[in-house]
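Single-structure report; data block below.
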Amino acid sequence: MPKFDLGEQDPRKWEVTRRRFLRNASAAAVSIPLLGGLVETLSEVPADASVRDRQNLTKRNDILAQGAVFAAHPTYTFNFVNHVTTNPFFVPTQYGAADACALFGTKYQWTGSATSDVAQMVTAMDTATAAGVNGISVPVIDPTAFVKPTNAALDAGIPVLAYNANPPSSTASENHQLCYIGQDLFQAGVEAGQRILPFVTKGDLVAGLIATPGSLNIQPRIDGASSILKPAGIDFVEQGTGALLSEESTAVEAYYLGHKDVKFMYAVDDGTGEAVATTITKHGLAGKVFGSGWDIAVPELQAVKSGALAFSIDQQAYLQGFLPVMYLFLFTITGGLMRPSDTDTGLYFITKDNVDPYLATPSRVEGSTTAQKVLPKPTTTILKADAGLS
């Protein structure tokens with residue numbers, strides 16, 4: 001399948017930055033009047049407008065009234081099957097899906113399992129197929145379980161995409177999702193392991209804390225870090241924490257209390273990252289025991305700011321909702337000619353040096369507010385960092 005990598009694998013850069021995305025979207029809205037009109041509201045024509053401005057505004061309002069950027073189409077329905085439907089990581093994912101639906105005149109459904117139950121996810125896929133939805137997007141967290149329901153959807157003429165988790169290469173010939181939208185999970189673990197090395201020395205205990213061991217959305221992050229830490233002589237162990245936030249909080253604290261010699265607690269999912277931050281703060285461990293999070297929930301960002309976490313990682317959850325809707329819409333309206341493309345949504349390390357912009361303004365792309373808003377213009381420092389410049 002075609003590869004469309006929106007950025008380089010470089011921890012110093014955004015691979016697909018939300019700032020770059022919004023900047024490009026704004027530029028497109030200016031340069032393509034139809035697209036600009038689509039995302040604006042109907043405007044009154046000022047009484048003192050010039051003839052040319054009056055004509056342009058009237059034309060734009062006519063376009064908006066007709067919804068005319070794409071040809072008239074049914075209200076397509078796209079189904080998202082999720083493995084942890086109530087996890088805070090996927091709040092911005094749902095905002096991304098909702099915003100894309102508003103843009104393209106479609107609808108989405110949010111289904112699946114709250115506890116990473118693969119059988120429940122398969123049932124949700126089968127239900128969506130039976131209902132005749134126009135597309136399905138699913139995290140392929142098991143190497144074989146989604147083969148049959150995916151094939152059934154394809155046989156029914158329903159495109160299926162993978163998001164957030166991708167089947168391993170060993171089963172690629174059996175899993176027929178049209179593309180993958182999400183982070184390069186193993187590489188993310190590799191680079192996280194490299195980030196951990198300066199905090200530890202040979203023989204130190206590092207705990208790889210994972211909500212659901214074996215699940216393909218997070219196990220590769222453990223495996224990637226292990227490939228760096230174990231050869232360096234680090235005592236790297238894996239510990240499950242549970243799929244629910246309440247379980248993760250209890251499990252992480254219990255692990256620390258039973259292993260007070262641990263030097264670094266490496267979390268590979270959002271809820272476990274929050275639990276690591278809570279444990280380090282509660283027991284006054286900052287500077288003695290180090291930890292890391294994954295994703296950009298506000299508690300993790302605050303923990304990075306306070307020093308309770310050495311870093312967290314942004315994989316751009318918003319795009320993991322927005323892009324599946326966009327790809328499924330374009331695939332559907334073009335009769336399959338606009339084929340979805342693999343898209344790496346990135347790896348960006350959040351540290352004390354760059355956490356402030358995340359905390360400064362709540363936004364839908366971070367899941368910290370429901371409000372639609374235009375964020376402040378990026379600073380020169382941020383622009384240069386985005387471009388990989390010092």
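Coordinate-derived values only; no laboratory data. Just so it is clear, the structure is predicted and the values come from calculations on it, not from any experiment. Here Cβ is always computed from backbone atoms with ideal geometry, including for glycine, and neighbour counts include all displayed protein chains.
Cross-link pairs exceeding 30 Å between alpha carbons, from the set 230/288; 263/384; 263/305; 305/373; 107/305; 288/377: 263/384; 107/305; 288/377.
Calculate the length of the line joining the C-alpha centroid of the range 227-266 to that of the range 78-148, in whole Å. Answer, in whole Å: 30. Each of 294, 110 was scored by other Cβ atoms within 10 Å of its Cβ. Listed from fewest to most, they are 110, 294. Projection of the Cα convex hull of the range 185-314, averaged over all directions and equal to a quarter of that hull's surface, yields 6.6 nm².
Relative to its residue count, the range 338-384 spans a Cα convex hull of 151 Å³ per residue.
Net charge near residue 124: determine it from the other residues with C-beta under 15 Å of the C-beta of residue 124, scoring Lys and Arg +1 and Asp and Glu -1.
Working: positive: 148; negative: 117, 126, 142.
Taking every Cβ under 15 Å from that of residue 124, the sum is -2.
When Rg and the Kirkwood Rh are both derived from Cα coordinates, the Rg/Rh ratio for the range 267-390 amounts to 1.06.
Please work out how much length the chain gains when fully extended from residue 361 to residue 201, using 0.36 nm per residue of separation minus the C-alpha to C-alpha distance, in nm with one decimal. Present the calculation step by step, with values, prior to reporting the outcome.
Details: separation 160, 0.36 × 160 = 57.60 nm, distance 3.77 nm.
Fully extending the segment from residue 361 to residue 201 adds 53.8 nm.
Residue 130 versus residue 387, label points 7 Å from Cα toward the beta carbon: distance in nm? About 5.6 nm, to one decimal. Quotient of the Cα radius of gyration of the range 108-220 and 2.2 N^0.38 Å, N being its number of residues: 1.26.
Label positions at residue 372 and residue 144, each projected 7 Å from the Cα along the C-beta direction, are separated by 4.7 nm. Judged by the mean number of other Cβ atoms found within 10 Å, the most tightly packed of the peptides 144-150, 184-190 leads the ranking 184-190, 144-150.
Each other residue within a Cβ distance under 15 Å of residue 284 adds +1 if Lys or Arg and -1 if Asp or Glu, for a net charge of +2.
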